[in-house]
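Working notes for the structure below.
Just so it is clear, none of the values below were taken in a lab; they were calculated from the coordinates. Keep in mind it's a predicted model, so treat the numbers as computed, not measured. Every residue, glycine among them, receives a Cβ derived from its backbone with ideal geometry; neighbour counts consider all protein chains shown.
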Amino acid sequence: MTTATYPPPLDKLLTYGNCRNFRKWPNYVEELGFTPEHISDLLRMATDDELNWADSNSLEVWAPIHAWRVLGQLRAEAAIEPLISLFHELEDIDWTSTEMPEVFGLIGPTAIPALTAYLADLSHEIYPRTTAADCLTEIGKMHPHVRTECVTALTQQLGLFAENDSEFNAFLIADLVDLKAVESAPTMECAFAADRVVPFIVGDWSEVQVSLGLKPREEVPQRKFTMEEVVDYFASKSDPEAPRGFSPSLRKNKKKTSKKKKYK
């Protein structure tokens, strides 16, 4: 049990339940009566290490996820920086990368500057930065009037493809494809031409052109990569003379496989 105390209605989140059992997010604001005055305590709960690393079989381990959902539903601008810090602090938790885009989509365009700065910050690893990119993408999808701003941030980062990790470039392209960013096609093409894109996330340049509507599917047969091809690709990129081994994990469909199976 957590040693921290939370006032009503936050105390209900400690036993609200396993998030896997909810087909969609509850309307916490209407069902539990959350208001902006609860934002401070919700932030305390979302960033509570004791809860985030609680026993995986407990109900309270899910409380931080419920809390950040509520913060999204409250459009809590005060939550922007604290939640962004979770991108790297909780990097190994699948729920962080899968849920934060929706949370930030709800918070809205005011989060764009902070997310853009995090995306460009080389002190962070590629997966937390990819989460920031996914958040920008969701904001662009949910708030069409700022789509161009989100596309610009992602494209500018992709423009550094020579310095970026090739896997990171692929995730950025996947996000731009989600935004139907045809205007970013020249930058994508350059990244592919420089051989700076892992091909197993969004396919090759021809496949991306199909996804953007620049080529008909009839011209580009779909291709599925075998595990052997994936392994050989990474082996050749790291050390052509190295023995073949298991490749680094990829965030399938832009979602990273958790390295820690401790909980959730």
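What to note about this one:
- The length gained on full extension between residue 190 and residue 215, counted as 0.36 nm times the residue separation minus their Cα-Cα distance, comes to 7.3 nm.
- 160, 136 arranged by Cβ crowding within 10 Å, fewest neighbours leading: 160, 136
- Gyration tensor verdict on the range 18-120 (Cα atoms; rounded if a/c is under 1.5, prolate if a/b is larger than b/c, oblate otherwise): oblate
- Pair residue 15, residue 182: separation of 7 Å Cα→Cβ label points (nm): 5.6 nm
- Only helices enter the 222 nm calculation for the chain: every DSSP H run of n ≥ 4 contributes -39,500 (n - 2.57), and dividing by all residues gives -15000 deg cm²/dmol, rounded to 500.
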